[in-house]
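K.L.:
Below is one structure. I have some questions about it.
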Amino acid sequence: MRWTTEQIADQRGKTFLVTGASSGLGLVTARVLADKGAHVIMAVRDLEKGRRAARSGSVELKRVDLADLDTVRALAEDLQGRTIDVLINNAGVMMPPRRLSAQGHELQFAANHLGHFALTLLLLDRITDRVVTVSSTRHRTGRIHYDDLDGAKGYSPMGFYSQSKFANVLFGLELHRRLRAAGDPRKSVLAHPGWSNTNLQTAVTSGPTKIAMRIANALFAQPMERGALDQLYAATDPRVESGQFIGPDGPGEHRGWPTVVQPVKPAQDEQDAKRLWDLSERLTGVQLSSADLRRQRQ
């Protein structure tokens, strides 16, 4: 059966935090949830852009730059004492020239993985239902460059984008395992939008690459309203189970309707996931122990 937004139940009384909510899939997600009665915290890098994007419904704007861990900590502090039912780790950057974050990390790894890792752990004691982490089909070609995380030895915009999306899957599945080991009923769910026509592919590219991506999007990509269905399903449907990966059901998972898909086998490697988790704790200075999870469950 084709799942659409018509099947989302009334979300009144629930609070969702959506990163990257001022454009693209994040904006579609935030608007749908608000239309369904939810209170939506739109976490955005540019508040003015966020104000222009926000419309009717119960929404509030909060600033965060996922590539800057100082702003991630500031957002978590600002939300102290607040209850968040669902966190949707949606924000992302794709294929920029090699740049480093405020803390000196490769920009895509910083924004797409480290920022969301830190935000999730900092907010976890306030999250009641689930965490949805948005990855990509590009995770299939990714690996963690442990010996060259910042790309100083050799940088490929797409290769390091794939690394960050691979990291998303390792993280989401490891969070699932840790929640289950602690007897915690909250869910960690993954989603990806297939090939969707958003500004992600062209926001930081230039020249021939930008032109080629625009043409390819026009010819092959599905509308972003369709692409957002996977993360909306992952975030709202009660049948979704922790550890599942939601993506399009069409050929190559490039387009289609939400269904359960499988990550590539290397992304299911528990030892690699633990190694990345330990590394991410060191790089962000944010930790989550088994005792923390047990305390949160009580």
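The values are calculated or read from the model by the stated rules, or taken from the named source; none is laboratory data. Just so it is clear, the model here is predicted, and its values are computed rather than measured. With ideal geometry, Cβ positions are generated from the backbone for all residues, glycine too; neighbour counts draw on all protein chains shown.
K.L.:
Please identify the pairs in which a residue from region 64-92 that is at negative phi has its Cβ atom under 6 Å from the Cβ atom of a residue that is among the aromatic types (Phe, Trp, Tyr) and at pLDDT 95 or above, counting only partners at least 6 apart or on another chain.
P.N.:
From residues that are at negative phi, the pairs are Val86/Phe16.
K.L.:
If you don't mind, there's one more thing I want to ask. Do you know which residues across region 257-276 are in contact with a helix residue (DSSP H, G or I) (Cβ under 8 Å, 6 or more places away or on another chain) and within 30 Å of Glu6 (Cα to Cα)? Explain how you work it out, then say what you get.
P.N.:
Going residue by residue through region 257-276, those that are in contact with a helix residue (DSSP H, G or I) (Cβ under 8 Å, 6 or more places away or on another chain) are 257-258, 261, 263-264, 266-270, 272-274, 276.
Trp257, Pro258, Val261, Pro263, listed by residue number.
K.L.:
Hey, another quick one. When the residues of region 29-55 are filtered to those that are β-branched (Val, Ile, Thr) and either modelled with pLDDT under 95 or over 14 Å from the mean Cα position of the chain (by Cα) (or both), which remaining residue is surrounded by the fewest Cβ atoms within 10 Å (Cβ to Cβ)?
P.N.:
My answer is Val32.
K.L.:
Would region 129-145 turn up any residue that is among the acidic types (Asp, Glu) and surrounded by 17 or more Cβ atoms within 10 Å (Cβ to Cβ)?
P.N.:
Within region 129-145, one or more residues are among the acidic types (Asp, Glu) and surrounded by 17 or more Cβ atoms within 10 Å (Cβ to Cβ).
K.L.:
Out of everything in region 75-118 that is in contact with a strand residue (DSSP E or B) (Cβ under 7 Å, 6 or more places away or on another chain) and part of a helix (DSSP H, G or I), what residue ends up being farthest from Ser162 (Cα to Cα)?
P.N.:
So the residue we want is Asp78.
K.L.:
Between a residue in region 121-144 that is closer than 15 Å to Arg178 by Cβ and any residue that is surrounded by fewer than 18 Cβ atoms within 10 Å (Cβ to Cβ) and β-branched (Val, Ile, Thr), which pairs come within a Cβ distance under 9 Å, given they are 6 or more apart or on different chains?
P.N.:
Between residues of region 121-144 that are closer than 15 Å to Arg178 by Cβ and residues that are surrounded by fewer than 18 Cβ atoms within 10 Å (Cβ to Cβ) and β-branched (Val, Ile, Thr), the close pairs are Ile127/Thr83.
K.L.:
Scanning for something assigned to a strand (DSSP E or B) and more than 29 Å from Ser280 (Cβ to Cβ), does region 53-63 turn up at least one residue?
P.N.:
Yes: region 53-63 contains one or more residues that are assigned to a strand (DSSP E or B) and more than 29 Å from Ser280 (Cβ to Cβ).
K.L.:
Another one. For region 248-267, what are the residues that are surrounded by 14 or more Cβ atoms within 10 Å (Cβ to Cβ) and assigned to a helix (DSSP H, G or I)?
P.N.:
Of everything in region 248-267, those that are surrounded by 14 or more Cβ atoms within 10 Å (Cβ to Cβ) and assigned to a helix (DSSP H, G or I) turn out to be Glu253, Pro266, Ala267.
K.L.:
Right, something else. Which of (1) under 19 Å from the mean Cα position of the chain (by Cα); (2) closer than 30 Å to Gly13 by Cβ does Met94 not meet, given it meets every other one?
P.N.:
Failing condition for Met94: (2).
K.L.:
Moving on. Restricted to region 282-291, and to residues that are touching a residue at least 60 places away in the same chain (Cβ under 8 Å) and surrounded by fewer than 15 Cβ atoms within 10 Å (Cβ to Cβ), which residue is farthest from Thr71 (Cα to Cα)?
P.N.:
The extreme case among them is Ser290.
K.L.:
Here's another thing I want to ask about it. Using the structure shown, decide if Leu124 is over 18 Å from the mean Cα position of the chain (by Cα), among the aliphatic types (A, V, I, L, M) and buried (at least 17 other Cβ atoms within 10 Å of the Cβ).
P.N.:
It is false that Leu124 is over 18 Å from the mean Cα position of the chain (by Cα), among the aliphatic types (A, V, I, L, M) and buried (at least 17 other Cβ atoms within 10 Å of the Cβ).
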